[in-house]
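J.: The following block contains the structure, expressed as structure tokens.
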Amino acid sequence: MDRTYLRFLAVGNADRIVEALSDQQHVQPHQSVGEAVALAGERLGVCPQAARAAIESLRVDPSQSIGRLRRTELIQLAHTIHRFWRQSVVDNSNQSQPV
């Protein structure tokens, strides 16, 4: 079984990503969104490309302070990261299976 898929299963759902981003928001509110997402991603093992794609698709300024995001924006960002990550895991596992 692919290690990225196992890592994805360990995190389980977008709620864990919301929790990690909320922690970053409360602990270091002046930290940039890009840094906060990267640190939360490292902690949970989130695919960095999925995180970048989510930031770009939502048009969130990665240099903006994480403390400036509203709760709804934080949740939307986490769910989008989760969706892109799930897509990348599914794409990778489909490519690794023999035809």
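Just so you know, all these numbers are worked out from the coordinates, no wet-lab data involved. This is a predicted model, so every value here is computed, not measured. Don't worry about glycine lacking a Cβ; one is built from the backbone with ideal geometry, like all the others, and counts go over all protein chains shown.
J.: Quick one: which residues, 5+ away or cross-chain, put their amide H under 5 Å from the amide H of GLN31? H built at 1.01 Å from N.
T.: Placed amide hydrogens put ILE66, GLY67 under 5 Å from GLN31.
J.: Also: Once the other residues with Cβ under 12 Å from the Cβ of ASP23 are scored (Lys, Arg +1; Asp, Glu -1), what is the net sum?
T.: Around ASP23, the charge tally is +1.
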